[in-house]
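S.K.: Submitted below is the structure of interest, expressed as structure tokens.
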Amino acid sequence: MRPSRRQLAVGAFVILVILALQAGFFGYKPAKSTRVLFITAHPDDEVIFFSPSILRFRASGCEIFLLCLTTGNFRGKGALRVAELSKAAAALQIGPSHLTVIDDERIQDGHHAEWDADQVQQIIAEEVLRRDVDWVVTFDRDGVYGHLNHKACYHAVRRFLSGCLAQAGVSGQACPQAWSLTTVNSLRKYSSWLDVLPSALEAWSGQATMLVTPSLLRTLAAMSHHASQWGWWKHVLLTRYTFVNTLQRISDDPLSPARPPSTASATLKSLARVSHKARTARALRMGLDSTGLRGG
Ligand SMILES: [Zn+2]
């Protein structure tokens, strides 16, 4: 019996999805041993949104660092959430020496919490210097679902990049490449692993770089450590961000020009202030190493 057109179409779709899943990485690929800094807003962002990128970069031989800009203290559980983050990061193969969590009253967790843009820019500049990173990865301007803190990460990275490019480098180092995690529409967002195919098509057409998770089990293991956020389990199992990420170069984004720094010298001064802060940063508790949790 000959298969119908519909059966052939479904078969071709399934084969294409399997091929895309197998490929794992389409588009611009970093060199082995590239140092990649992920910048997130809250403990659990690294699992819920970025785990395909973290795990795929890691599998490609990159060194991964994570900077989380708040302790996730919106409901007063900051200490607990930092402890959870430390375990979840370990499940994603990010050790305590590669994890930094910021505890700063000017940068707080909340849907309506405006951040001090200068302070966030300084923290990012210091972390880029300290870690000597080649790539920075964060949210895009829409922050996956519009969370103000996610969007603030994007704008802070753009601001940092503008300052860095204006100086032609960070203290003699080249500026890192900056990449943002693409926000997709709701239909795609909740299409789980099926979104691998449109993501692959975007990558083939040169619109993005696609990364497919090499280990769903690692993502689930990491999420299991965020016990205070288990309401997100349903989201984790349904969302495409558990299976696939697409990243876009921030400098290639023409719709929202980065805010220029006030002056190059002001940015240089801010970088110097940050270096001073790095030397005097206080080491706190909760299972991170002496450089892991920082106060403002
Ligand atoms: Zn978040």
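The numbers here are math on the coordinates, done by the rules we state, and not lab data. What you see is a predicted model, and the numbers here were worked out from it, not measured in a lab. Cβ atoms come from the backbone with ideal geometry, glycine included; neighbour counts cover every protein chain shown.
S.K.: Which loop trypsin sites (Lys or Arg not before Pro) in segment 62-151, with loop taken from DSSP, have no more than 13 other Cβ atoms within 10 angstrom of their Cβ?
M.R.: Details: sites: Arg75, Lys77, Arg81, Lys87, Arg106, Arg130, Arg131, Arg141, Lys151; in loops: Arg75, Lys77, Arg106, Arg141.
In loop regions of segment 62-151 (DSSP not H, G, I, E or B), the sparsely surrounded trypsin sites (Lys or Arg not before Pro) are Arg75.
S.K.: Relative contact order, percent, of segment 71-139 when contacts are C-alpha pairs under 8 Å separated by at least 6 residues?
M.R.: Numbers: 38 pairs, mean separation 17.2, N = 69.
Relative CO of segment 71-139 lands at 25 percent.
S.K.: Only sites in a loop by DSSP and with at most 14 other Cβ atoms within 10 Å count here; which chymotrypsin sites (Phe, Trp or Tyr not before Pro) in segment 14-75 make the cut? Don't jump to the answer; show the numbers that get you there.
M.R.: Values: sites: Phe25, Phe26, Tyr28, Phe38, Phe49, Phe50, Phe57, Phe65, Phe74; in loops: Tyr28, Phe49, Phe50, Phe74.
Taking segment 14-75 and a limit of 14 other Cβ atoms within 10 Å, the loop chymotrypsin sites (Phe, Trp or Tyr not before Pro) found are Tyr28.
S.K.: Which ordering of Glu105, Glu63, Glu127 is given by a fewest-first count of other beta-carbon atoms within 10 Å? Could the numbers behind the result be given before it?
M.R.: Values: Glu105 9, Glu63 18, Glu127 23.
Fewest to most other Cβ atoms nearby, the residues stand as Glu105, Glu63, Glu127.
S.K.: List the pairs from Lys151/Lys189; Lys32/Lys77; Lys29/Lys151; Lys29/Lys77 whose alpha-carbon separation is above 27 Å, in the order I gave them.
M.R.: Working: Lys151/Lys189 17 Å; Lys32/Lys77 38 Å; Lys29/Lys151 25 Å; Lys29/Lys77 38 Å.
Too far apart for the 27 Å limit: Lys32/Lys77; Lys29/Lys77.
S.K.: While we're on this one: Students often check this: by mean Cβ neighbours within 10 Å, which of 155-162, 30-37 ranks highest, and how do the rest follow?
M.R.: Working: 155-162: 22.9, 30-37: 16.4.
Ranked from most to least packed, the peptides come out as 155-162, 30-37.
S.K.: Please arrange Trp179, Trp230, Trp135 by how many other C-beta atoms lie within 10 Å of their C-beta, fewest to most. Mind showing how you got there, number by number?
M.R.: Details: Trp179 27, Trp230 11, Trp135 18.
The fewest-first ordering by Cβ neighbours comes to Trp230, Trp135, Trp179.
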